[in-house]
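See structure below.
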Amino acid sequence: MKKKIRYFVLIFFILIILCAVLAVKDARKKKIVSSQKNITVVQKAEHVDVDNPRIFEMDDILYSENGDICMDFQSPEYNYYSTNFDGTAMAVTSEKKLYYVDGKLEPVYLSESKTRAIISKKANFVLYNDMDELQCGCVYDGSAGRKIPIHSRNIPLYDSAISSNGRYIAFFDKEQGAVIKDVQDTDSYTIVSKKKLKAVHISPDGERGFFELYDDQTHFVFSYHDGELIEVTRGGYFDYIVNDECTECFVYDNDATYYYDIHMETGKKILDEDIFTVHCANDPVGIDGKYSGIKIADVESFRGCILDTIQSAYYFYSPYKNPLELGGFGTYDHLGFDNGVAQRLYRDVEDYLCIDTMEDGCVTSSRLEDIDTIVRTFDVADNLSKIYYVDRDCNIWLYENGESKLLYDRSGYCTYIHYDRFSGRLFFIDNDSLYSVGEDPEDCRLEYSEADYISSYYYDYEDFLVFSYNMQKRYARIFGNIMLIGS
């Protein structure tokens, strides 16, 4: 009898231990997740089904538009994230391994490698060196899930390029020289030069490209078109912003910025300083990450764009006329572009909203008469077609099609607002909490209960919301996930 009692007691304790283990496992699933870089998920987004979801990377964490998070690539080493134009796929280089990742956040292993991988900007093709079974230069077709050998041996990835549609690649081969090769017909190629050229970018039809040559401590920049190499400029180490068709480019170093299009005999210096970025209808995207020295823009022309420098900002419209300096260009200004016309929305010294319209080398300025009130702060959506603003009494309004609609009556003392283009909602602070509202005033909801300030200085988080509480805790809201990013 005593043996039976001891047996049942033992079984009871085993069951308790099993329940405890299962509870711990379940708690681990639900617990706050921390990263190696002191970033914590404090509010997990619900998974939503999204067709071709976009991806955002920050601090080696991948976020999907469907609400999912991937922390597989956290590493003490520097990672490369090569992203396509619409942000729906990327090539990841992490700890000498290469991966293809789309919005499902299920990384596809490609190969071991000592070099990076780069993805085409309009199609899911990844250019890389396969160091595993194939031992050669390859293109991975992410849509079909197959590897395409494109050369008999490895290629110099740091000096190579792939067209935005994934059809053509440009690289230097010791035997053939600098070549442009057709991925669909690898026996077909064009010799650009016998010199050791670095490929900057190649056009979708394989007919044009930009190349660089380093010779005798000098960097030479070339445009390849109509079967010829044309020197653009020469000098020190250059960075590039190129349009996708390879018909225009900005080339810049620490001392100057040059512009070139294929109808010019050579490049022309337009500024005595380097540019920080270029604002246009579709802003440039780095070939292997946010800080890449080569950026590609999906625009027909750069004429009519805004050049942002450390010192100022300029309206560029012709290489033969000095760019027009925009006085008072600030952090809170917003830009819009439409058919070669650029617009800048800003507050004047009296805190009224004004708009500059830039077209054909001329700038006209005027107050936005339909918003006849002092504006504490504002944000925009849909290329300036919608303006969210806070009036002097802290009411939040939406201005669209010449009319203003009240969205929220007397928000809190923190008047900063933030429009999240991914959710289509406006975020604001009230009663030490974070709220959001849609275009219908009734569509207002509490998002997070600890918030008293919205920040606009965290450029690394791009269009995502960054907010704080008591000047101690700092959060980022990324595709619905709220992350503690500092304390």
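The values are calculated or read from the model by the stated rules, or taken from the named source; none is laboratory data. Being a predicted model, the structure only gives us computed values, none of them experimental. Cβ atoms come from the backbone with ideal geometry, glycine included; neighbour counts cover every protein chain shown.
Checking each residue in the stretch 184-206 for being surrounded by fewer than 22 Cβ atoms within 10 Å (Cβ to Cβ), assigned to a loop (DSSP other than H, G, I, E, B), touching a strand residue (DSSP E or B) at 6+ places or on another chain (Cβ under 7 Å) and not small (Gly, Ala, Ser) picks out LYS194, LYS195, LYS196. Counting only residues that are within 12 Å of TYR419 (Cα to Cα) and surrounded by fewer than 16 Cβ atoms within 10 Å (Cβ to Cβ), the stretch 368-386 holds 1 of them.
Applying the criterion of being at positive phi and surrounded by fewer than 21 Cβ atoms within 10 Å (Cβ to Cβ) to the residues of the stretch 458-481, the residue that is modelled with the highest pLDDT is GLY480.
Could you list all residues from the stretch 355-367 that are surrounded by fewer than 16 Cβ atoms within 10 Å (Cβ to Cβ) and either in contact with a helix residue (DSSP H, G or I) (Cβ under 9 Å, 6 or more places away or on another chain) or farther than 22 Å from ASN322 by Cβ (or both)? Hits for the stretch 355-367 are SER366, ARG367.
Selection of the stretch 246-272 for residues being assigned to a loop (DSSP other than H, G, I, E, B) and either within 20 Å of the chain's Cα centre (by Cα) or over 19 Å from GLY304 (Cα atoms) (or both) yields ASP253, ASN254, ASP255, ALA256, GLU265, THR266, ASP272. When ASP60, ASP68 are screened for being surrounded by 16 or more Cβ atoms within 10 Å (Cβ to Cβ), at pLDDT 95 or above, touching a strand residue (DSSP E or B) at 6+ places or on another chain (Cβ under 9 Å) and among the charged types (D, E, K, R), only ASP68 passes.
Among the criteria (1) modelled with pLDDT of 95 or more; (2) more than 26 Å from TYR461 (Cα to Cα), the one ILE5 does not fulfil is (1).
Yes or no: TYR332 closer than 28 Å to ASP443 by Cβ and exposed (fewer than 15 other Cβ atoms within 10 Å of the Cβ)? Yes: the conditions hold for TYR332.
Residues that are among the polar types (S, T, N, Q) and free of Cβ contacts under 8 Å to residues at least 24 places away in the same chain were ranked within the stretch 412-442; the one that is surrounded by the fewest Cβ atoms within 10 Å (Cβ to Cβ) is ASN431.
One residue stands out among those in the stretch 236-245 that are closer than 23 Å to PRO204 by Cβ and part of a loop (DSSP other than H, G, I, E, B): the one that is nearest to the chain's Cα centre (by Cα), which is ASP244.
Just one of (1) surrounded by fewer than 18 Cβ atoms within 10 Å (Cβ to Cβ); (2) without any contact (Cβ under 8 Å) to a residue 40 or more places away in the chain fails for LYS104. It is (2).
Within the stretch 170-182, being of a type outside the set (Phe, Trp, Tyr) and crowded, with 22+ Cβ neighbours inside 10 Å holds for ALA170, ALA178, ILE180, LYS181. Scanning the stretch 336-393 for residues that are outside any strand (DSSP E or B), small (Gly, Ala, Ser) and outside the structural domain of LYS405 (by TED's automatic domain parsing), we see that the one that is nearest to PRO319 (Cα to Cα) is GLY361.
Of everything listed in (1) at pLDDT 95 or above; (2) surrounded by 22 or more Cβ atoms within 10 Å (Cβ to Cβ), the single unmet condition for GLU228 is (2).
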